[in-house]
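The structure appears below as structure tokens.
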Amino acid sequence: MSTSPPNPTLPRKCSDCKKTFILPTSCVVCPLCLQDDNFMAMTETEFLNQPLKEVEDHKDDSSDTTLFTKYRGAKLYRKPRHPGRIIETAFLSGVKLPRGTYVPNILHNSSLSGIQLEAAVHICQRHTQKIGNGATAGFLLGDGTGVGKGRTIAGVIRENWSHGRKKSLWISSNSILNLDVRRDLDDVGASSISVHPLNTLSYDELGITEGVIFLTYSCLIASNKNDVTRMGQLLKWCGTGFDGLIIFDESQKGKNSNPKKGKPTKAAEAVCNIQIKLPNARVVYSSATGASEPRDMGYMVRLGLWGDGTCFPDFGAFIDNIEKGDVGALELVAMDMKARGMYISRTLSYEGADVAIVVAVLNDKMIDMYKKAAEFWAFLLEALKVSIEHLPNTVKASSSLWGQYWASHQNFFRHMSTSLKVSTAVNLSLLAIDKYECVVIGLQSTGEARLSEAFAKDKAVSEDKAVSEDFEKSVAPTRAILLKFVEEYYPEVEHPAAAMKGKREILEMIRNLDLPENPLDELIHELGGPEKVAEITGRKARLVRDTSENVIYKKRIEKGETVEMVNMKERENFMDGRKLVAIVSDAGSTGVSLQAHTSAPNNKRRVHLTLELPWSADRVIQQLGRTHRSSQASVPSYRILITNLGGERRFVSTIAKRLQSLGALTQGDRRVGPSLSAYNYDSIYGTQALKHLYTVIMTKDGLLPVLPPGCVSEPKCNTVKHFTTQAKTALASVGISEDILHGADDNYDIGHFLNRILGIAPLTQNRLFDFFVDILNHLIREDRDKGILGTGIVDLKAIARDSKKKIYVDLPSAASSYLYTFTLDGRVSWEAAKSMRVRNQKLGVGGGFRRSKKKHDGKRRVILVLVSLASGYKIVCPTSGNCSDISLENYLEVDESLGKVKPLWEHEYNAASSCEQASSSTVKVNVLAGVILPLWTAIEKAVQVEQNQKRLCIVRCNNKKFAGLLLPNAAIAETVLKDYPP
């Protein structure tokens with residue numbers, strides 16, 4: 001009989017209820033039917049993994065996994081040296097820019113650093129090309145913090161000026177940034193080029209003949225009372241045949257242009273229209289976060305990725321194909337754009353910076369407050385149902401009312417979770433100040449709208465006077481959301497039933513609820529008040545607590561001032577060291593630099609706390625970039641605060657998914673960005689996990705993939721039935737019932753699930769969320785063990801490059817596509833085996849080295865058993881990686897610390913390089929590198945030929961400056977790609 005590997009946790013099937021559980025071996029009671037010793041024995045074959053795919057078996061486990069490398073660029077552009085250490089993702093560095101053929105006129109004398117000069121030359125080179133529809137090709141400048149996008153663009157403006165193109169449009173996000181444009185032009189020796197802020201010019205004739213017109217995206221869609229539009233003015237000023245520059249700075253502002261996502265914004269429409277009406281314009285998209293999702297790329301019409309002359313007839317076809325390829329396809333898009341010379345992405349090194357997730361644990365008081373709030377929302381749900389039944393037009397009333405209810409529900413608990421993190425943020429801030437550091441706190445919501453509305457309504461409130469307690473409570477975000485919803489949407493019933501609650505009673509209940517204050521005002525008060533805290537937000541007024549604990553209504557801006565002016569003063573207070581804490585919101589921080597600048601009096605290290613994550617990934621990057629820029633004395637320390645509430649992962653999950661897409665698309669690597677990948681639940685696996693969870697809770701059918709939390713050790717929840725009953729009731733309280741199982745796949749929406757469970761009391765909420773995560777991890781482990789998990793870039797150990805065949809040349813850029821064939825080394829070194837063993841030990845699931853009972857050729861063989869919670873174990877041997885044909889009954893456990901394993905392992909490893917064993921330890925693979933997207937149709941065919949090829953796999957060979965797309969095998973690839981001549 002086979003000997004099982006050491007494994008404290010294995011899947012076992014109950015003979016009675018036929019359910020399969022993953023349980024500790026010490027557990028002998030079925031958690032569902034409570035039968036003792038009723039588990040069916042499972043054979044070794046049932047648990048043995050399917051062999052991993054060849055590429056997974058031959059990946060280089062000992063390779064360098066560094067995400068970034070120092071950016072060097074072409075030799076021609078290594079001087080003048082850049083003041084900061086600039087890096088590029090290690091993966092994207094494996095893709096070469098096409099050879100620079102553009103000969104600059106004056107760029108070499110523009111005071112640009114070498115890497116800025118290189119980008120400027122490639123921008124100018126790209127502008128000499130045309131895309132399929134005949135328009136001038138555009139460039140995406142994806143450089144991040146510290147590289148100097150503004151100076152690079154200023155150099156391009158100066159270069160175009162020298163060629164007689166003396167009109168440029170610079171479109172950005174904030175009117176105050178025109179000062180940065182002026183500074184950048186001066187820095188590159190272009191002081192003679194005028195900058196004209198459009199918002200200072202009349203709607204009549206512009207009266208200027210040359211220079212840079214600076215405007216914002218909101219200005220681009222503006223018009224006066226006579227319907228004279230700024231767009232019309234600009235088109236008239238540019239004239240027919242305009243071939244000057246259009247710079248879309250912070251170009252992510254134009255991203256909402258995709259018709260499949262609904263009606264595009266006016267700004268997005270204008271961005272597309274001006275490109276269509278000026279086909280000869282030289283377009284530069286400038287943003288480190290130009291597209292956090294492929295669907296956000298619709299405004300980048302000048303890249304030529306879709307349309308005439310491509311594999312994709314329109315943008316819709318482009319995104320449909322790219323999204324089918326998941327994150328791997330986004331990585332290919334970044335590779336392709338760089339290879340064709342339309343894209344570059346470098347950033348300031350984050351060396352020395354650290355990013356940590358800080359969990360703000362709820363205390364008993366907070367848990368009680370949250371629980372009562374959840375109970376009130378559940379009560380309000382039932383009260384609304386009863387009230388609606390007594391309305392004359394139930395359907396019409398309920399359809400709009402429920403939309404408002406759930407939107408308010410989500411907004412309420414988002415604010416609640418933010419408020420519960422204030423005390424943790426205060427403690428971290430005070431600790432940082434004690435350590436001679438200073439603090440930047442980022443959040444999104446300020447409560448400005450509710451405060452302004454309440455001030456306008458309440459005539460008893462005046463400036464610089466104390467407000468009543470009722471007024472203070474009513475403008476706190478959580479209470480304000482509840483009051484607004486009930487005031488505006490709770491139905492008035494003429495003849496209420498005896499059990500019904502009227503609107504007045506509901507409002508009184510809300511006023512008596514124990515709810516948190518405005519987190520922004522509370523932060524300022526706890527950290528010393530406005531005298532010690534710089535507020536850089538869009539607020540025009542706030543509530544300030546004085547020394548007598550009176551709450552005073554105060555304006556932030558004096559007569560004649562603007563919010564921008566106040567924020568600039570507050571920035572100066574922080575940078576000069578008069579205030580050591582700065583609180584920034586998205587509305588107030590655009591374009592604001594808060595780094596530890598070497599020339600600033602306050603160059604203490606910045607501790608950047610993120611109290612509330614923005615909804616979009618690009619805003620996350622933009623906000624974190626406020627404290628990490630060039631010319632800084634030290635790098636910041638980032639702390640992202642989340643509560644220990646399962647539902648709050650909803651907000652982190654959304655950003656994690658978009659950050660992953662953003663890193664894949666803009667920097668060629670899904671792993672780039674803040675370390676939130678563990679919170680990306682919105683995936684194929686997340687959807688599958690949610691289906692399992694709903695099925696287990698709502699019905700008695702379906703496989704139970706993992707044991708629900710608390711069902712083994714906690715006496716109050718010791719059966720699956722107890723857990724599912726409690727969970728079913730909790731889900732019903734937030735509007736999730738059995739009906740969800742009978743709808744479309746759209747019902748299994750991760751965001752919807754996490755939104756709703758925020759309204760469940762903390763203990764039950766966390767158990768429910770933990771169950772979901774356990775199922776999710778189980779599904780991921782299964783696919784990882786089968787070798788079909790898309791893990792991103794794979795490093796391969798190539799013994800030799802067998803062939804290189806040019807199969808395609810991209811005419812505009814002269815960049816080529818090559819099909820390489822490599823021979824991979826399938827052996828596993830002792831160092832790699834030890835590394836695998838250590839990773840397995842960290843999982844706490846056993847496994848280890850084993851030695852054969854009998855000798856072979858005078859030596860005993862040795863193997864490594866790696867235990868998998870999902871599907872048993874995997875056997876690794878020195879000669880050929882995964883070994884599915886070895887019987888464990890012929891091997892005994894051995895302690896590697898005794899020194900008996902290493903010599904045996906290394907002997908087999910070295911022997912496998914001999915001629916007679918080489919064929920069994922090597923495998924041939926082919927990799928497509930260089931230009932990718934023009935071959936997309938052929939690539940899809942190549943991938944589909946191999947039925948087991950379920951994902952796009954991107955590989956690097958020997959960690960060299962080479963990266964490409966793995967295709968099933970060389971013979972198939974040559975057949976599929978034969979129509980692309982060299």
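The values are calculated or read from the model by the stated rules, or taken from the named source; none is laboratory data. If you're wondering where the values come from, they're calculated on a predicted model, not measured in any experiment. FYI the Cβ positions are ideal-geometry reconstructions off the backbone, even for glycines, and counts take in every protein chain you see. Areas reflect the complete protein model, heavy atoms only, side chains present, ligands, DNA and RNA absent. Shrake-Rupley method; radii C 1.70, N 1.55, O 1.52, S 1.80 Å.
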Amide H within-cut-off set for Thr643, under 5 Å, with H built and near neighbours excluded | Ala360
Is the stretch 141-184 rounded, prolate or oblate when judged by the Cα gyration tensor, a ≥ b ≥ c being the square roots of its eigenvalues, rounded requiring a/c under 1.5 and prolate requiring a/b larger than b/c?
-> oblate
Sorted peptide list for 756-767, 196-207, criterion being average Cβ within 10 angstrom, highest first = 756-767, 196-207
Give me the distance between the Cα centres of the stretch 502-519 and the stretch 82-137, rounded to whole Å.
-> 59
R0 of 25 Å, Cβ-Cβ distance Asp895-Thr695: FRET efficiency to nearest 0.05 | 0.05
Could you go through the stretch 137-142 in sequence order and give the Karplus-derived ³J(HN,Hα) for each residue, using 6.51 cos²θ - 1.76 cosθ + 1.60 with θ = phi - 60°, rounded to whole Hz, and x for Gly and Pro?
-> 5, x, 9, 9, 8, x
Note: Arg183 to Asn644 extended length (0.36 nm per residue) minus current alpha-carbon separation gives 161.4 nm
Using θ = phi - 60° and the Karplus relation 6.51 cos²θ - 1.76 cosθ + 1.60, list the HN-Hα couplings for the stretch 544-555 in order, rounded to whole Hz, with x at every Gly or Pro.
-> 10, 8, 8, 5, 8, 6, 7, 9, 10, 8, 10, 6
Rounded to the nearest 10 Å², what accessible area does Ile510 show when all protein chains are kept and the probe is 1.4 Å?
-> 0
So for the pair Ser400, Glu558, with labels modelled 7 Å out along Cα→Cβ, what separation do we get in nm?
-> 4.6
What ranking of Asp739, Asp546 comes out by heavy-atom accessible area, probe 1.4 Å, highest first?
-> Asp739, Asp546
Hey, can you grab everything whose amide H is under 5 Å from the amide H of Arg282? Only 5+ residues off in sequence or another chain; H modelled, so Pro and N-termini drop out.
-> Gly244, Leu245, Ile246
Assign unit charges at the C-beta atoms only (+1 for Lys and Arg, -1 for Asp and Glu), then state the dipole size of the stretch 90-161 relative to its Cα centre in Debye, rounded to the nearest 20.
-> 100
Find how much the distance from Lys236 to Val358 grows on full extension, using 0.36 nm per residue of separation minus their present alpha carbon separation; answer in nm with one decimal.
-> 38.5 nm
Subtracting the Cα-Cα distance from 0.36 nm times the residue separation, let me have the gained length for Thr598 to Leu206 in nm, one decimal.
-> 137.0 nm
Counting only protein heavy atoms and leaving out ligands, DNA and RNA, the solvent-accessible surface of Asp180 at a 1.4 Å probe, in Å² to the nearest 10, equals 50
Quick one: which residues, 5+ away or cross-chain, put their amide H under 5 Å from the amide H of Arg545? H built at 1.01 Å from N.
-> Ile552
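Roll a 1.4 angstrom probe over the protein heavy atoms and tell me the percent of accessible area of the stretch 103-171 that is carbon or sulfur. Could you put the intermediate results ahead of the total?
Numbers: 810 of 1840 Å².
C and S fraction of accessible area: 44 percent.
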Return the FRET efficiency for the residue pair Met509, Lys266: r is the Cβ-Cβ distance, R0 is 41 Å, and the value is rounded to the nearest 0.05.
-> 0.45
Among residues other than Tyr820 whose Cβ falls under 9 Å from its Cβ, what is the net charge (Lys/Arg +1, Asp/Glu -1)?
-> +2
Of all DSSP beta bridges in the stretch 124-269, what percent run antiparallel (nearest 5)?
-> 15
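Just the accessible area per residue of the stretch 139-178, please: how many Å² with a 1.4 Å probe?
23
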Table column - 3J(HN,Hα) (Hz), the stretch 216-227, Karplus curve with 6.51, -1.76, 1.60, x for Gly and Pro | 9, 5, 5, 5, 4, 9, 7, 8, 9, 5, 8, 6
The simple spin-label model distance between Ala407 and Asn174, using points 7 Å out along Cα→Cβ, in nm, is 2.8
Accessible-area ranking of Lys721, Lys421, Lys253, Lys149, largest first, probe 1.4 Å | Lys721, Lys253, Lys149, Lys421
